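S.K.: Below you'll find the structure I mean.
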Amino acid sequence: MGFERMLILGFSGTVLALLMFTNIGFVSVHGISIKIDSPLGNQQVPVGELTISGTSTDNSTSQCQVYVDWNNLKPYQLGTPTGSNGSADFSTWSFTYTSKYHLIQTGVNDLTSKITCLVPPTGPTVTKWYSINVTGTTSPNQSSNVELPLPTANNDTVSSSNVQTSSLPPDTPSDTTNASSSEKITLDLNVENDPISTGGRQTVTLTASDPLTGNALDRVFLRLTIKDPSGNIIKDYTDNDGKLSPSFRLGDDITGQFSVLASASQAGIETTKSATFLVE
């Protein structure tokens, strides 16, 4: 009996240790974070190619990858790992915006980084985002027109001209649609509550319509991204039927000006629009 009891206790201890180890790995992966270190947010940068770099919580034992995008243009692009532990170490990372994906344009450019990690041993995956805005500017010797890639099977979003967004009050929606896109898709973006109290329920409605007839468009890919005052993405919605109207509850601990970035794309044309709302 004594031997059997010792055997059972030893087996139980082993199982407990395995559970504790798995739980530690699970917790550490769920504590993921990512940041763009260069350039700084709200900085002016030259139009054209731009290299960004940053850090994340990836390490030699975690299974993570870092991706980036430009103004919500999909698909996400895989970053380049530059950590000291080899070709899969995204603890530091970089990415260069070129014409193969998208160049920096005149005006506001929304740059988003994303870290995705697999919780061992078989999932699920957890994700976190970090975004900054930079303003593309041209020097006196630099052309204000940026040559963008032509549409291909893997790149169906093209901007045909560059337009500087006009300066608007913080609570006024700003339309960043280029001249060509605005002839194809009209975006109506409405924030139901502005201002709104912490913990309140907010509703944002995005509708894509034909500018000539005013009729709603179908088979249009729509995306709504909600960011807190620090630029962190708190909500991200997509649909392809021409209308999005999500309702979501705000947290109790963050106040300030939240931003809403909307985009619509169809047949190689992209239209974007943005708005803000104040959480008190």
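S.K.: Working out 0.36 nm times the residue gap between LYS35 and THR61, then minus their Cα-Cα distance, what length gain in nm do you get to one decimal? Could the numbers behind the result be given before it?
M.R.: Details: separation 26, 0.36 × 26 = 9.36 nm, distance 1.98 nm.
Result for the pair: 7.4 nm of gain on full extension.
S.K.: Contour minus end-to-end for THR82 and THR98, with contour as 0.36 nm per residue of separation and end-to-end as the Cα-Cα distance?
M.R.: Details: separation 16, 0.36 × 16 = 5.76 nm, distance 1.88 nm.
The THR82-THR98 span can extend by a further 3.9 nm.
S.K.: Under Stokes-Einstein, with the Kirkwood radius over Cα pairs standing in for Rh, what whole-number D in µm²/s applies to region 93-135 at 37 °C and 0.692 mPa s?
M.R.: Values: Rh = 12.7 Å.
Estimated via Stokes-Einstein, D reaches 259 µm²/s.
S.K.: Which lysines does LYS273 reach when only Cα atoms under 16 Å apart count, and residues fewer than 8 places away in its own chain are ignored?
M.R.: Straight-distance partners of LYS273: LYS184, LYS227, LYS243.
S.K.: Sum up the charges of everything whose Cβ sits under 13 Å from the Cβ of ILE36, counting Lys and Arg as +1 and Asp and Glu as -1, but leave ILE36 out.
M.R.: Numbers: positive: LYS35, LYS114, LYS128; negative: ASP37, ASP69, ASP110.
Residues near ILE36 contribute 0 overall.
S.K.: Right, next: Work out the FRET efficiency for THR125 and GLN257 from their Cβ-Cβ distance, taking R0 = 35 Å, and round it to the nearest 0.05. Let's see the in-between values first.
M.R.: Values: r = 31 Å, r/R0 = 0.88.
Rounded to the nearest 0.05, the efficiency is 0.70.
S.K.: Highest mean first, how do 62-70, 189-197 rank when packing is the count of other Cβ atoms within 10 Å averaged over residues? Write down the numbers at each step before the final one.
M.R.: Working: 62-70: 21.1, 189-197: 15.1.
Peptide ranking by packing, descending: 62-70, 189-197.
S.K.: Another one. Pulled fully out, how much extra length does the chain show between ASP218 and ASP241, if you take 0.36 nm times their separation in residues and subtract their Cα-Cα distance? It would help to have the intermediate numbers written out before the result.
M.R.: Numbers: separation 23, 0.36 × 23 = 8.28 nm, distance 0.48 nm.
Length gained, ASP218 through ASP241: 7.8 nm.
S.K.: Mind grabbing the base-10 log of I(q)/I(0) for region 180-239 at q = 0.14, 0.15, 0.17 Å⁻¹? Debye formula, identical points on the C-alpha positions, no solvent, two decimal places.
M.R.: Debye output, listed in q order: -0.52, -0.58, -0.71.
Read-outs throughout are calculated quantities, based only on the coordinates presented, and are distinct from any laboratory measurement. This one's a predicted model, so the numbers in the text were calculated from it and none came from an experiment. All Cβ positions, even for glycine, are placed from backbone atoms using ideal geometry, and neighbour counts span all protein chains on display.
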